[in-house]
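Below is one structure, written out as structure tokens; comments come after it.
Every read-out reported here was derived from the displayed coordinates using simple, explicitly stated rules and does not represent laboratory data. Keep in mind it's a predicted model, so treat the numbers as computed, not measured. With ideal geometry, Cβ positions are generated from the backbone for all residues, glycine too; neighbour counts draw on all protein chains shown.
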Amino acid sequence: GVAGWQTMGDRVAFRPDGRLELLGRVDRVAKIEDKRVSLSAIERLLREHASVADAAAVALENAARQYVGAAIELTPAGQDALTALGQRSISTMLRASLRGRVDAVALPRVFRFPKALPVDSQGKRQVGALSALFDRKS
């Protein structure tokens with residue numbers, strides 16, 4: 001960075017009143033099977049898919065292993081495909097779209113398809129509610 005300045009992993013915006021508004025982290029990184037995995041990059045790549053309106057990747061863990069889960073808010077066409085083809089087919093299609101573009105350990109093992117991704121009153125992602133989507137089989 002610039003001499004005397006510390007580079008941080010946060011995004012900020014200048015508000016009209018001159019104050020800074022914290023917009024969140026530039027990149028969310030998780031450690032999966034001893035590899036650094038960019039959850040932000042997985043989300044960006046998933047959002048490129050025509051059936052995906054929004055995506056949120058989370059690091060999950062069970063007794064056996066660590067893995068990535070992805071909550072996907074589908075476009076109307078994606079919802080139609082989900083209804084017609086089923087969750088397994090859509091999950092396979094989305095995973096295939098990432099193959100070769102992210103490390104194998106970064107491929108989401110579990111997908112959830114909520115109608116909308118959980119956000120708080122400020123429009124920020126609710127990590128707890130997001131993680132809760134993966135607590136049960138749905």
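For segment 125-135, which positions are surrounded by 10 or more Cβ atoms within 10 Å (Cβ to Cβ) and part of a loop (DSSP other than H, G, I, E, B)?
126, 133, 134
Of the residues 35, 31, which is over 13 Å from residue 97 (Cα atoms), touching a residue at least 40 places away in the same chain (Cβ under 8 Å) and not acidic (Asp, Glu)?
Unique residue meeting the criteria: 35.
Across segment 94-119, what is the number of residues that are in contact (Cβ under 8 Å) with a residue 24 or more places away in the chain and either closer than 18 Å to residue 44 by Cβ or among the acidic types (Asp, Glu) (or both)?
Total satisfying the criteria: 12.
Taking segment 99-119, which residues are among the aliphatic types (A, V, I, L, M) and either touching a His at 6+ places or on another chain (Cβ under 9 Å) or outside any helix (DSSP H, G or I) (or both)?
Listed by number, the residues that qualify are 102, 107, 110, 116, 117, 119.
For residue 122, work out the one condition from (1) assigned to a loop (DSSP other than H, G, I, E, B); (2) in contact (Cβ under 8 Å) with a residue 40 or more places away in the chain; (3) not β-branched (Val, Ile, Thr) it doesn't fulfil.
Here residue 122 meets the rest and fails (2).
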